[in-house]
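The values are calculated or read from the model by the stated rules, or taken from the named source; none is laboratory data. As the structure is a computational prediction, the values presented were derived from the model and not from experiment. Cβ atoms come from the backbone with ideal geometry, glycine included; neighbour counts cover every protein chain shown. Please note that ligands, DNA and RNA were not included when accessible areas were found on the heavy atoms of the full protein model with its side chains. Shrake-Rupley method; radii C 1.70, N 1.55, O 1.52, S 1.80 Å.
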Amino acid sequence: MKKKKAIKIVEEKLPKKRFEHSLRVAETAVKMAEIFGGDAERVEIAGILHDYAKYDGLSKLYQKVTKYELDNALLAYNSEILHGPVGAAIMKHEFGVDDEEIYLAIYHHTTGRNQMTLSEKIIFVADYIEPGRTQPGVEEIRTIVFEEQKLDKAIYEISKRTVLYLVEQDHVIYPLTIDCLNYYNLEK
Ligand code: DGI
Ligand code: FE
Ligand code: FE
Ligand code: FE
């Protein structure tokens, strides 16, 4: 898919704020690709598309999990966990985005996972640090990315903060979220 088409479908689908977040994730991802040697064109498209399914209702998300034969375990989770995998599948099956890197980057953008590809890493991190994000500690992560230029360290720090937050809120933690935390723990 070309950039122009990606922007068009996301602009038509998402509320303005979420559309603008998507564009900022794409811009941040391009900057990161320049630093870390990633594929700028691919991560730009993945960034624009990553939250496409964010506001789909749960029953629609469940239908797509079944229709596109995604992991049935997803059916026990909410839209926070589902919008990545379902968004990836929609791009592949409904828009003909035939690119494994983009698929994986959209699929895992919320949870991360162990052994991410470079594009997955970039989208996972860019989603957390795009300039519109204001969560406590985000500036520390930006420093790790743009000054220290340590991508895996940034992933671990994001994972750790996310898991601490989820536990604090009594939210269920998806297994890949824990895999990500453990895999990118630099002490191991
Ligand atoms: O879609 P965005 O808001 O841009 O960001 P996101 O897709 O990275 O995360 C969406 C939400 O999902 C965020 O509030 C954190 C939450 N989340 C991440 N990992 C898990 C999770 N929620 C649950 N319940 N379990 C997880 O493992
Ligand atoms: Fe998301
Ligand atoms: Fe994220
Ligand atoms: Fe996002």
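Worth a mention:
- The stretch 1-23 and the stretch 112-188 have Cα centres separated by 24 Å.
- Per residue accessible area of the chain, 1.4 Å probe, in Å²: 51 Å²
- In sequence order, calculated HN-Hα J values of the stretch 152-157 (Karplus, 6.51, -1.76, 1.60; Hz; x Gly/Pro): 5, 5, 4, 4, 4, 5
- Accessible carbon and sulfur surface of the stretch 3-183 relative to its total accessible area, %, 1.4 Å: 49 percent
- Note on the chain: Cα-Cα pairs beyond 28 Å make up 19% of the total pair count.
- Mean separation of Cα contacts under 8 Å (6+ apart) over length of the chain, as relative contact order %: 20 percent
- Every helix of 4 or more DSSP H residues in the chain counts as -39500 (n - 2.57), and over all residues that averages to -20500 deg cm²/dmol at 222 nm.
- Tensor-based shape of the stretch 48-89 (alpha-carbon gyration tensor, a/c under 1.5 rounded, otherwise prolate or oblate): prolate
- Across the stretch 162-175, computed HN-Hα scalar couplings (Karplus, 6.51 cos²θ - 1.76 cosθ + 1.60, θ = phi - 60°) run 5, 5, 4, 5, 5, 5, 4, 8, 6, 8, 6, 9, 6, x Hz from first to last residue, x flagging Gly and Pro.
- Listed residue pairs exceeding 23 Å between alpha carbons, taken from K17/K67; K16/K54; K64/K92; K16/K64; K3/K64: K17/K67; K16/K64; K3/K64
- Binned Cα-Cα distances of the stretch 42-125, short to long, each 5 Å bin given as a whole percent: 3, 17, 30, 26, 17, 7, 0
- J(HN,Hα) series, the stretch 79-85, from Karplus relation 6.51 cos²θ - 1.76 cosθ + 1.60, nearest Hz, glycine and proline x: 5, 4, 7, 7, 5, x, x
- Cα-centre dipole for the chain with unit charges at Cβ (Lys and Arg positive, Asp and Glu negative), debye to 20: 540 debye
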